[in-house]
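For reference, the structure is listed below as structure tokens.
The values are calculated or read from the model by the stated rules, or taken from the named source; none is laboratory data. Computed from a predicted model, the values in this text were never measured in an experiment. As a convention, Cβ positions derive from the backbone with ideal geometry for all residues, glycine included, and neighbour counts pool all protein chains shown. Ligands, DNA and RNA are excluded from the accessible area calculation, which covers all protein heavy atoms including side chains. Shrake-Rupley method; radii C 1.70, N 1.55, O 1.52, S 1.80 Å.
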Amino acid sequence: MNHDAYDNAYIASILNSVKTIAMVGASANDVRPSYFVLKYLLGKGFSVFPINPGQAGKEILGQMTYARLADVPGPVDMIDVFRASAAVPGIVDEVLRLDPLPKVIWMQLGIRNDEAAARAEAAGIKVVMNRCPKIEYGKLSGEIGWTGVNSGVLSSKKPLMRPGFQSFGVRQK
């Protein structure tokens, strides 16, 4: 797959299909991007499991934090990676040992590892690199336009409501 550009329908299909997310590199520091992405996703109705060995056994935003992916109690649909690109191969190794496998590995802004992505895709896992699910959700739901940002997505359709605080569904093409 070409990871230089993603079709809105590809991103929307992912955001509409996942319910549980494991966030690798979640931070308890409320000024870190992973903290406010975690808060946003929880507010949209996703179940999010923070993964951070230094915070394991403690709560971040009311969610129990785990040391590694294998410690999460139950399957997850998506792995959201907030770690450096060099750490991604090890994370993919850990993901490929999970049973069942998640549907998606999502690497945050500035994170890209094509070799690790190819291994994940060979195992049937969708991959998104150098994108933020918070930004993509806001863009595709029309929510980001409330602040005057041009999302590049136009629709005269009434937003679909999903469970969660101010939670609009992401539209498919």
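Return the aspartates and glutamates within reach of Lys139: Cα separation strictly under 20 angstrom, same-chain partners fewer than 8 residues apart disregarded; answer none if there are no such residues. Hits, sequence-local ones excluded: Asp4, Asp7, Asp80. Projected onto its three principal axes, the C-alpha set of region 19-99 covers 29, 25, 22 Å, listed from the longest axis down. Excluding ligands, DNA and RNA, the accessible surface per residue across region 1-143 is 43 Å² with a 1.4 Å probe. Per atom type, region 1-152 shows carbon and sulfur on 52% of its accessible surface, probed at 1.4 Å.
Each label point was placed 7 Å from the Cα along the Cα-to-Cβ direction; for Leu96 and Asp30 their separation is 4.1 nm. Packing-based ranking of 120-131, 61-72 yields 120-131, 61-72, ordered from highest to lowest mean Cβ neighbour count within 10 Å.
Computed from backbone phi with θ = phi - 60° and the Karplus coefficients 6.51, -1.76 and 1.60, the 3J(HN,Hα) list for region 11-18 is 5, 4, 5, 5, 5, 7, 9, 8 Hz; x is used for glycine and proline. Taking 0.36 nm per residue of separation and subtracting the current Cα-Cα distance, fully stretching the chain between Asn130 and Arg83 would add 15.8 nm.
For region 1-144, a Kirkwood radius taken over Cα pairs fed into Stokes-Einstein (20 °C, viscosity 1.002 mPa s) yields D = 142 µm²/s. Under a 5 Å amide H cut-off, with hydrogens placed 1.01 Å from N, Ala26 pairs with Ile51 among residues at least 5 apart or on other chains.
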